[in-house]
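Visitor: Handing you this structure, nothing more for now.
The values are calculated or read from the model by the stated rules, or taken from the named source; none is laboratory data. Not measured: the values here are computed from a predicted model. Note that we place each Cβ from the backbone using ideal geometry, even for glycine, and neighbour counts take in every protein chain shown. The area values use the complete protein model at the heavy-atom level, side chains included, leaving out ligands, DNA and RNA. Shrake-Rupley method; radii C 1.70, N 1.55, O 1.52, S 1.80 Å.
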Amino acid sequence: REVGTLGVGTFSRVTMVQLQGTNETYALKMMKKTVIEARKQKEHIMNEKNIMLEMTGHPFLLQLRATFKDETYLYMVLELCQGGELFLRLLEEQTLSEETTRFYTGNIVLALEALHAKNNIYRDLKPENILLKDSNDSDSLDVVLVDFGISREFAFRGMRQTDILGTYAFMAPEAAKGSYDERADAWSVGVVLYIMLCGNMPFGGDTDDEIRRSVSSGRYVMDQ
């Protein structure tokens, strides 16, 4: 039973649902088949599904509970995180305390460590892809990573990746040049950590080229 809308994306909608009989709550991601085909998103969706199944049980990676489909939609039943995006919390508060930042960063690092241990590179770490498990006024400091559509399995540690995927402001210089491995995810952790403490981006620019040049320079300040 649908009880509310959580978000609307380019080709999907996420609602809060209750399981009849127990009233357990979940997030339901609904993806229209025709849009998936038109935008050639099928591979990304299979990537996301397979990685989530492989990482079942990890506390800091969003959990997939079930999948099913009908004539119009593909559905993913997901763990419900009541706290919303880290991105939205940062918009409200601008910066976080060092204690909160430390807990969030610890969760993120453990999640990436688990992905890398299973030979998966994440490639899309940013505040929009980090959900708070509980509401902002709770005592919980747990966060989970979501959206594994552009994650990819690699055959061995240090295997070179050439696809330029993700968001330039969060990419390692090697990733922006198209020659990188799973360690590029660590650079993105540093960018998110900086934003949580300082309230702005370490590497700026008005265009993708300007951002790439700023990232490649590696220069940032901590005056804040």
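Visitor: Taking strands (runs of 3 or more DSSP E) that fall entirely within the stretch 1-86, which contain at least 2 residues that are polar (S, T, N, Q)?
Guide: Those strands (runs of 3 or more DSSP E) span 12-18.
Visitor: Going by what's in this entry, would THR10 be described as of a type in the set (Val, Ile, Thr), within 24 Å of ARG152 (Cβ to Cβ) and out of contact with any Phe, Trp or Tyr (no Cβ under 8 Å at 6 or more places or on another chain)?
Guide: yes
Visitor: Could I ask something else about it? Tally time: how many residues in the stretch 177-192 are assigned to a helix (DSSP H, G or I) and either of a type in the set (D, E, K, R) or modelled with pLDDT under 95 (or both)?
Guide: Residues meeting the conditions: 2.
Visitor: Considering only the stretch 193-223, state which residues are touching a residue at least 60 places away in the same chain (Cβ under 8 Å) and either assigned to a loop (DSSP other than H, G, I, E, B) or on the phi > 0 side of the Ramachandran plot (or both).
Guide: GLY199
Visitor: If I ask for residues that are open to solvent by 50 Å² or more (accessible area, probe 1.4 Å) and in contact (Cβ under 8 Å) with a residue 40 or more places away in the chain, which ones from the stretch 168-192 would you list? Break it down into steps so the answer makes sense when it comes.
Guide: Going residue by residue through the stretch 168-192, those that are open to solvent by 50 Å² or more (accessible area, probe 1.4 Å) are 168, 174, 177, 179, 183, 186-187.
Answer for the stretch 168-192, where residues must be open to solvent by 50 Å² or more (accessible area, probe 1.4 Å) and in contact (Cβ under 8 Å) with a residue 40 or more places away in the chain: TYR168, ALA186.
Visitor: If I filter the stretch 142-158 for residues that are part of a loop (DSSP other than H, G, I, E, B), open to solvent by 40 Å² or more (accessible area, probe 1.4 Å) and at positive phi, do I get at least one hit?
Guide: Yes; the residues of the stretch 142-158 include at least one that is part of a loop (DSSP other than H, G, I, E, B), open to solvent by 40 Å² or more (accessible area, probe 1.4 Å) and at positive phi.
Visitor: Quick one: which of THR34, THR101, THR5, THR22 is among the β-branched types (Val, Ile, Thr) and open to solvent by less than 30 Å² (accessible area, probe 1.4 Å)?
Guide: The match here is THR101.
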